[in-house]
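Here's the structure we're looking at; comments come further down.
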Amino acid sequence: MLAHFNRSKAALLSRAFLAAGLSLAASQALAQRASDGPFSSLSGYWTGSGTITMSNGSSERIRCKAVYAVNDTGKALNQSLRCASDSYRLEIKANVVLNGGTLSGTWNEETRHAMGNITGRGSNSEIMARVDGAGFAAGLQVRFRGDKQSVSIRPTTGTDVADVAITMRKG
């Protein structure tokens, strides 16, 4: 009876190790797949500063905080960007998906109650997009590498802002 118990115990341990190994392999495959996604390096908290330039040529320093939540594949993200200067505040939330290099999604600017669509292209180091909404349009460029990113927003219609340039670091 002791021999039967030991064989059963050995079989259970063997299955437990096999299950643990399969679970580890699956979690590594998921982590690897997410790390291959173009947005994976953006996930987390970012802070930085830059300038906001108005159409009359005046400019101010601006401080920003961003949070990026990236899905498991690294191909979709939610962004929350808050920036403030002495006289200007901006709060943008965006949801985008990258499919075969083509970017699409939505955005809203909460302080001005504006919203619209995002379209463009994306890669492992850059997003080039157009942001459109009712009475507003802008070009958007986000470049990222490691723990650094730069964001450039260049409105073409609908605002007295000419340019927003921000540099941020992760952490």
Inset, instruction - Above 27 angstrom, tally the Cα pairs of the stretch 44-170 and express them as a % of all pairs, no decimals. - result: 11 percent
Inset, instruction - Based on the mean of other Cβ atoms within 10 Å per residue, sort peptides 82-91, 149-158 so the most packed one is first. - result: 149-158, 82-91
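Take the solvent-accessible surface of the protein heavy atoms, probe 1.4 Å, and return the percent of it on the stretch 44-170 that carbon and sulfur atoms account for. The partial results should precede the final answer.
Values: 3470 of 6880 Å².
Carbon and sulfur: 50 percent of the exposed surface of the stretch 44-170.
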Legend entry - Length-normalised contact order for the stretch 44-170 - Cα pairs under 8 Å, 6+ apart - percent: 21 percent
Legend entry - Karplus-derived HN-Hα couplings along the stretch 103-114 (A = 6.51, B = -1.76, C = 1.60, θ = phi - 60°), whole Hz, x at Gly and Pro: 9, 8, x, 10, 9, 8, 10, 6, 6, 10, 6, 10
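The values are calculated or read from the model by the stated rules, or taken from the named source; none is laboratory data. None of the values given here were measured: they were computed from a predicted structure. FYI the Cβ positions are ideal-geometry reconstructions off the backbone, even for glycines, and counts take in every protein chain you see. What goes into the accessible areas is simple: the full protein's heavy atoms, side chains included, and nothing from ligands, DNA or RNA. Shrake-Rupley method; radii C 1.70, N 1.55, O 1.52, S 1.80 Å.
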